[in-house]
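Undergrad: Can you read through this structure? Questions will come right after.
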Amino acid sequence: MRQGVNWKMIALYVIVAWALILLTGSFLMSAGVFVLLFALEYIIEYFIEQRKKNKGTK
């Protein structure tokens, strides 16, 4: 199964990264915050997927 590129999410990530660099003034701090945001997104998507699977089995 082929998944397309979600251009809206990529644009949102670019805007957030640019804003973080402007707000913090440090590329390394912005990169750290960005990594935390990616981790948080992954965790949320994982829990949503698990919830959908559990709802389907009941």
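Undergrad: Which of the residues belonging to the range 4-49 are assigned to a helix (DSSP H, G or I) and of a type in the set (S, T, N, Q)? Don't jump to the end; show me each part of the working.
TA: Pass one, the range 4-49, residues assigned to a helix (DSSP H, G or I): 7-24, 27-49.
Listed by number, the residues that qualify are 24, 30.
Undergrad: Within the range 28-47, work out how many residues are open to solvent by 90 Å² or more (accessible area, probe 1.4 Å) and over 15 Å from residue 13 (Cα atoms).
TA: So the count comes out to 5.
Undergrad: Yes or no: residue 1 modelled with pLDDT under 90 and assigned to a loop (DSSP other than H, G, I, E, B)?
TA: Criteria met by residue 1.
Undergrad: Now for a different question. For the list (1) over 14 Å from the mean Cα position of the chain (by Cα); (2) modelled with pLDDT of 90 or more; (3) of a type in the set (A, V, I, L, M), I need the number of the one condition that residue 39 fails.
TA: Single failed check for residue 39: (1).
Undergrad: Taking the stated definitions as given, is residue 25 of a type outside the set (Ser, Thr, Tyr) and on the phi > 0 side of the Ramachandran plot?
TA: In short, yes.
The values are calculated or read from the model by the stated rules, or taken from the named source; none is laboratory data. Predicted model, so just to flag it, every value in this text is computed and none were measured. In case anyone asks, the SASA skips ligands and DNA or RNA and just uses the protein heavy atoms, side chains included. Shrake-Rupley method; radii C 1.70, N 1.55, O 1.52, S 1.80 Å.
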